[in-house]
1. Could you run through the stretch 17-76 and say how many residues are touching a residue at least 40 places away in the same chain (Cβ under 8 Å) and small (G, A, S)?
2. Could you check how many residues of the stretch 23-76 are open to solvent by less than 80 Å² (accessible area, probe 1.4 Å), of a type in the set (S, T, Y) and either in a helix (DSSP H, G or I) or touching a Pro at 6+ places or on another chain (Cβ under 6 Å) (or both)?
3. Tally up the residues in the stretch 27-41 that are within 19 Å of K67 (Cα to Cα) and in contact with a strand residue (DSSP E or B) (Cβ under 8 Å, 6 or more places away or on another chain), please.
4. For the list (1) within 11 Å of the chain's Cα centre (by Cα); (2) open to solvent by 50 Å² or more (accessible area, probe 1.4 Å), I need the number of the one condition that E8 fails.
Amino acid sequence: SKFIIVMEQWEKIVGKEYYKKSNPLKITKDQELKVEVSIDILLDFTYSNQIYLDKIDKILGCKNSLKKIFVVQKHF
């Protein structure tokens, strides 16, 4: 499934630093990726959403494979 591929490639998508502080939760029926992100990278992560979407498109081999990334704060 699309989500499993995203999970497997997550480090490649967001990079080593953010990989440790973020966690893809699910892809909604509206084709939005829900991601749990720690507070200290929340703004930067949100700012980079389009870059991540482009990388996901490349990995999945199709344009606009996901509509958007929906970020929620991760509580440790």
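The values are calculated or read from the model by the stated rules, or taken from the named source; none is laboratory data. Just so you know, these numbers come straight off a predicted model, no measurement behind them. Methodologically, a virtual Cβ is constructed for each residue, glycine included, from the backbone with ideal geometry; neighbour enumeration extends over all protein chains shown. Side chains included, ligands, DNA and RNA excluded: accessible areas come from the protein's heavy atoms. Shrake-Rupley method; radii C 1.70, N 1.55, O 1.52, S 1.80 Å.
1. 2
2. So the count comes out to 2.
3. Step one: list which residues in the stretch 27-41 are within 19 Å of K67 (Cα to Cα), which gives 27-37.
Adding the requirement that they be in contact with a strand residue (DSSP E or B) (Cβ under 8 Å, 6 or more places away or on another chain) leaves 27-28, 32-37.
So the answer is 8.
4. So E8 meets the others, but not (1).
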